[in-house]
Amino acid sequence: MTVSVPTFELYAFWRTAATYRVRVALGLKGLQAREINIDLDAGEQRSPAYLKLNPLAGLPTLIQAGNPPMTQSLAILEFLEELQPTPALLPGDLYGRARVRSLANMLAADTHPLITPRVRKYLASAADFDDAAWRAWQQHWFGTGLSAVESRLVSEAATGRFCHGDQPGMADICLASVMAVMRVFNIEVPDIPMIERIVQRCQQLPAFAAAAPLLQHGAPAA
Ligand SMILES: N[C@@H](CCC(=O)N[C@@H](CS)C(=O)NCC(=O)O)C(=O)O
């Protein structure tokens, strides 16, 4: 019997959207990683040891044995795409790739970073944000990002069963990651039926299902 040994180490925490993206991409490409838990609630991302790997104190960091650490989930997805081109996370044509990267960035670069622990910490200390103000902030920025993505998915001809055509790719991974973390925080965004349908289809695929936050090491029991 051959036992496959993971060649990657993934610095991770159960509920993070950016780590979810890497978990799904690894899963789709049939790659495995040994996870090292960094507890965001305990501030472990700001420890001197972790800052050496990831100076912006963000998860994830991916390390392939013997190589320098890789940070930024979208850069990691691009790396995995080049390392293991099938199944493809990006379409074969230039304009399709630009569209998928654009949708992915709307979610991973313009929506998700606004609701990270470091932003919450700053707002609580510099602007006296309490739980209600933070919730309103999350609702606003998740709503803004997802409504804009919904309008594109509904109006653009390249949308199929997934964000681009009929195969899941980088935009779907980013979309599902934002929806997954929104559920963890019990935030609902109304009037995004196309997104909900696409994310449901994603969740039926093993790589997405296995990345669900509540299935990860350290997640609460319910
Ligand atoms: N743009 C980065 C975002 C990284 C990031 O902010 N990750 C969050 C978790 S999803 C984090 O570790 N935050 C720590 C903090 O805000 O203190 C990526 O996509 O990898």
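Scanning the range 190-206 for residues that are open to solvent by 10 Å² or more (accessible area, probe 1.4 Å) and in contact with a helix residue (DSSP H, G or I) (Cβ under 9 Å, 6 or more places away or on another chain) gives Pro190, Asp191, Pro193, Met194, Glu196, Arg201, Gln203, Leu205, Pro206.
Selection over the range 85-113 of residues that are open to solvent by 40 Å² or more (accessible area, probe 1.4 Å), under 27 Å from Gly58 (Cβ atoms) and of a type in the set (Gly, Ala, Ser) gives a count of 4.
Within the range 156-176, residues that are under 18 Å from Glu196 (Cβ atoms) have Cβ atoms under 7 Å from residues that are among the basic types (Lys, Arg) in these pairs: Arg161/Arg201; Phe162/Arg201; His164/Arg99; Ile173/Arg21; Cys174/Arg21, counting only partners at least 6 apart in sequence or on another chain. Screening Asn54, Asn37, Asn67 for residues that are within 19 Å of the chain's Cα centre (by Cα), more than 26 Å from Cys202 (Cβ to Cβ) and not hydrophobic (A, V, I, L, M, F, W, C) leaves exactly one candidate, Asn54.
Among strands (runs of 3 or more DSSP E) entirely within the range 1-83, having at least 3 residues that are open to solvent by less than 40 Å² (accessible area, probe 1.4 Å) singles out 8-12, 61-64.
Leu103: within 15 Å of Cys174 (Cβ to Cβ), assigned by TED's automatic domain parsing to the domain that holds Leu28 and either aromatic (Phe, Trp, Tyr) or within 16 Å of the ligand (Cβ to nearest atom) (or both), yes or no? In short, no. If you filter the range 24-44 down to residues that are in contact with a Phe, Trp or Tyr (Cβ under 9 Å, 6 or more places away or on another chain) and among the charged types (D, E, K, R), you find that the one that is farthest from Thr61 (Cα to Cα) is Asp41. Just one of the listed residues (Ala157, Ala109, Ala127) is on the phi < 0 side of the Ramachandran plot and under 16 Å from the mean Cα position of the chain (by Cα), and it is Ala109.
The single condition among (1) open to solvent by 10 Å² or more (accessible area, probe 1.4 Å); (2) closer than 27 Å to Glu35 by Cα; (3) part of a helix (DSSP H, G or I); (4) touching a residue at least 24 places away in the same chain (Cβ under 8 Å) that Ala209 does not meet is (4). Of everything in the range 124-143, what is among the hydrophobic types (A, V, I, L, M, F, W, C) and not in a loop (DSSP other than H, G, I, E, B)? Give them in sequence order. Within the range 124-143, Ala124, Ala126, Ala132, Ala133, Trp134, Ala136, Trp137, Trp141, Phe142 qualify. Checked against (1) farther than 20 Å from Leu89 by Cβ; (2) touching an Asp or Glu at 6+ places or on another chain (Cβ under 6 Å), Ala12 passes all but a single condition, namely (1).
Scanning the range 139-180 for residues that are under 28 Å from Thr116 (Cα atoms) and of a type in the set (D, E, K, R), we see that the one that is most open to solvent (accessible area, probe 1.4 Å) is Arg152.
The values are calculated or read from the model by the stated rules, or taken from the named source; none is laboratory data. Quick caveat: nothing in here was measured; it's all calculated off a predicted structure. Methodologically, a virtual Cβ is constructed for each residue, glycine included, from the backbone with ideal geometry; neighbour enumeration extends over all protein chains shown. Side chains included, ligands, DNA and RNA excluded: accessible areas come from the protein's heavy atoms. Shrake-Rupley method; radii C 1.70, N 1.55, O 1.52, S 1.80 Å.
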